[in-house]
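Everything below concerns the one structure shown next.
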Amino acid sequence: MVDRIQVYGLPEELEFVRDIARRFTETELMPLEKMVQEREISRGLSAEPLIPKEVHEHLDKKARELDLFGLDVPEELGGQGLGFMYKAVVLEEINRSITPYRLPPESPNLSWLIEEATPEQTEKYLLPYSRGDKRSSLALTEPNAGSDAAAIEATATRSEGGWVLNGTKTFISRCDEADFFIVIAVTDKAKRGRGGISAFLVDKGTPGFKIGRYIWTMGYDTPSELIFEDCFVPDSQVLGEIGWAFKPLQKRLGVRRSEIAARCLGHAERLVQLMVDQANNRVTFGKPLAERQAVQWMIADSVMSIHAARLMVMDVAAKMDAGVPDVRNESSIAKVFATEMVSTIVDRALQLHGGIGYTKDSPIEFIYRNSRALRIVEGASEIHRRQIARFRLQG
Ligand SMILES: Cc1cc2nc3c(=O)[nH]c(=O)nc-3n(C[C@H](O)[C@H](O)[C@H](O)COP(=O)(O)OP(=O)(O)OC[C@H]3O[C@@H](n4cnc5c(N)ncnc54)[C@H](O)[C@@H]3O)c2cc1C
C-alpha cells in the first residue's frame, strides 16, 4: 500500500488508471526484481537484456490487456488519446519497480513523429511505432558534442535524390532493440543551429550505417556508438524541414525531460516506502529507528520533496495536454528538481538501511547506480540551470 499525498483535483479516471498501473507493477514487475538483479550480475560485460525476451513479451501482452499501451497516442493513430498526464501517472507507478520495463511507444520520438511525419513516414514509422511494433532511438550525441548540441560534426551532404551521412554518434541508447534512428546531422556548416541542422530517419541495416562498440556504464543501460560512412538516405527519410531540426528536437527533449521527472517520482516513492519499512522494523538501542528524530527527518524531507516534484510534473503535464506551445522552462525545472531529489533520497535510504542498503539484497543500490545518469542525460543539471536562469534574466 502506498501512502502518498494525492494531488488535489485530478479526475477519477486518472486515479483508476493509476490503480491499474500500480497493480501491474506489484503483480508483474516487482516479482521480477530478484531475477533482474541476478541477471545484471551474471551477464558481466554483455548487453544481454535484463528482462528476457519471452518475459518482455509477456509484460507487453499484459500491459496491452490492461490498456496501458498508447496512453498518449492520439485516437486517430489507434491510441487512447488520454494525453501526457496519464502517461506521467503510469510512468510514476511502473518506476516504483526496478524492473526496467518501458511502456511503448516512447513519448519523445512519438511527439516528434506526430508533429513532422509525412503521410509516407506516418505509414512506415508513426503507425507501427504508435502500436509498439517498432522501436526507435535518438542519435544526437557525438564524441565532441554532448551538451553543446550545435557543435555536432556529423554531416549530411546533398546528393541526387537524397543525403549522404558521415560521422560518429556516441552514447546512443537501446540500439539493439531499435528498428530505426532519428539521426541529427549538419546540413549547413555556416548556419548550424540557426537553419543548418537536420533530422533523418535511418533504418537499421541501411548500407553505410553500422552499430559500433557497446559503452559499458555503471548502470544497466549499455549505449552504443553509431558509425555513418557514406550512408545514403533518400529525401523521403528527412524528418521535418531541412535545416530546422532544433525546434522539434527541443520539444522532443522537453517531453523526455518531463518523462524522466515522472520516472523519478516512482523511484523516490519506492525509496521512501523502503525507508518507512526499515524505520518501523529495525530496532537499535531498544527502540525502532522510526522513533529517532534523525530518521523521521530523513523521511519528512523526502516526502516534502516528492510532493513538490509531483506538483511540478503535474503542472508540466497539464500544460502539455492543454497545448501550451513552449514548456521548456517547466520541463527543465521538473527534470533538475526530480533527478536531484532522487539522488538525495537514494543516499538517505541507503544510509538508513546501513550495510543491507549497500548490498544486492536490496533494490536501493540498483536505484543508486541507475538514477545517477538521469542528472546527465537529456541535458545535464548545469545546462538546465543555465536555461532556467536565462529564461528569468531575459524575461
Ligand atoms: C546512459 C546514457 C544514455 C544516453 N543515451 C543517449 C541517446 O540515446 N542519444 C543521445 O543522443 N545521447 C545519449 N546520451 C548522451 C547524453 O545526452 C550526454 O551525455 C549529455 O547530453 C551530456 O553530454 P556530454 O556527456 O558530452 O557532457 P559534456 O557536454 O562534455 O559536459 C560535461 C559536464 O560539463 C558540465 N557543463 C557542460 N556545459 C556546461 C555549461 N555551459 N555550463 C556549466 N556546466 C557545463 C556539465 O556538468 C556536464 O555534465 C546518453 C548518455 C548516457 C550516460
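If I take every Cα pair under 8 Å that is 6 or more residues apart in the chain, average their sequence separation and divide by the length, what percent do I get for the relative contact order? Numbers along the way, then the final one.
Numbers: 647 pairs, mean separation 58.2, N = 395.
Reported relative contact order: 15 percent.
Look at where the Cα atoms of the stretch 257-281 and of the stretch 354-368 average out, and the two centres are 14 Å apart. Multiplying the residue separation of residue 382 and residue 311 by 0.36 nm and removing their Cα-Cα distance gives an extension gain of 23.4 nm. In terms of packing, defined here as the mean over residues of other Cβ atoms within 10 angstrom, the peptides 65-72, 142-149 line up highest first as 65-72, 142-149. Along the axis of the charge dipole computed for the chain (Cβ charges of +1 for Lys and Arg, -1 for Asp and Glu, origin at the Cα centre), the listed residues 357, 7, 156 are led at the positive end by 357. Between amide H atoms placed 1.01 Å from N, distances below 5 Å from residue 212 occur with 225, 226, 227, all of them 5 or more places distant or on a separate chain. Dipole of the stretch 1-120 computed with +1 at Lys/Arg Cβ and -1 at Asp/Glu Cβ about the Cα centre; of 80, 29, 119, farthest Cα towards the positive end is 29. Most tightly packed first, judged by the mean number of other beta-carbon atoms within 10 Å of their residues, the peptides 300-310, 259-269, 102-112 read 259-269, 102-112, 300-310.
Less than 15 Å Cβ to Cβ from residue 190, Lys/Arg counted +1 and Asp/Glu -1: what total charge do the surrounding residues give? Numbers along the way, then the final one.
Numbers: positive: 158, 189, 191, 192, 194; negative: 153, 188.
Neighbour charge sum, excluding residue 190 itself: +3.
When the chain is treated as a Gaussian network with alpha carbon springs shorter than 10 Å, the biggest mean-square fluctuation among 136, 258, 42 belongs to 42. Convex hull volume per residue, computed on the Cα atoms of the stretch 136-244, equals 92 Å³.
Global dimensions of the chain from alpha-carbon coordinates: Rg and Dmax equal 21.5, 80 Å.
So for the stretch 247-393, averaging the separation of alpha carbon pairs under 8 Å that are six or more residues apart and normalising by length, what relative contact order in percent results? Mind showing how you got there, number by number?
On the way: 151 pairs, mean separation 45.7, N = 147.
With pairs under 8 Å counted, the relative contact order is 31 percent.
Charges were assigned to the Cβ only: +1 to each Lys and Arg, -1 to each Asp and Glu. The resulting dipole of the chain about its Cα centre is roughly 1220 debye.
Can you tell me the order of 323-330, 379-386 when each peptide is scored by its average per-residue count of other Cβ atoms within 10 angstrom, highest first?
Values: 323-330: 14.4, 379-386: 17.0.
Sorting 323-330, 379-386 by mean packing, highest first, produces 379-386, 323-330.
Available extension along the chain between residue 67 and residue 179 is 37.9 nm, counting 0.36 nm per residue and deducting the alpha carbon span.
Report the full-extension gain for the segment residue 291 to residue 35: residue separation times 0.36 nm, less the Cα-Cα distance, to one decimal in nm. Length gained between residue 291 and residue 35: 88.7 nm. Comparing Cα centroids, the stretch 91-153 and the stretch 199-224 end up 14 angstrom apart. Using a simple spin-label model with pseudo-atoms 7 Å out from Cα toward Cβ, residue 393 and residue 56 lie 4.4 nm apart. Mean residue ellipticity at 222 nm, helices only, the chain: -15000 deg cm²/dmol; runs of at least 4 DSSP H residues each add -39,500 (n - 2.57), and the sum is divided by the number of residues.
Computed from the coordinates by the stated procedures, all read-outs in this text should not be read as laboratory data. All values reported here derive from a predicted model rather than from experimental measurement. All Cβ positions, glycine included, derive from the backbone under ideal geometry; neighbour counts span all protein chains shown.
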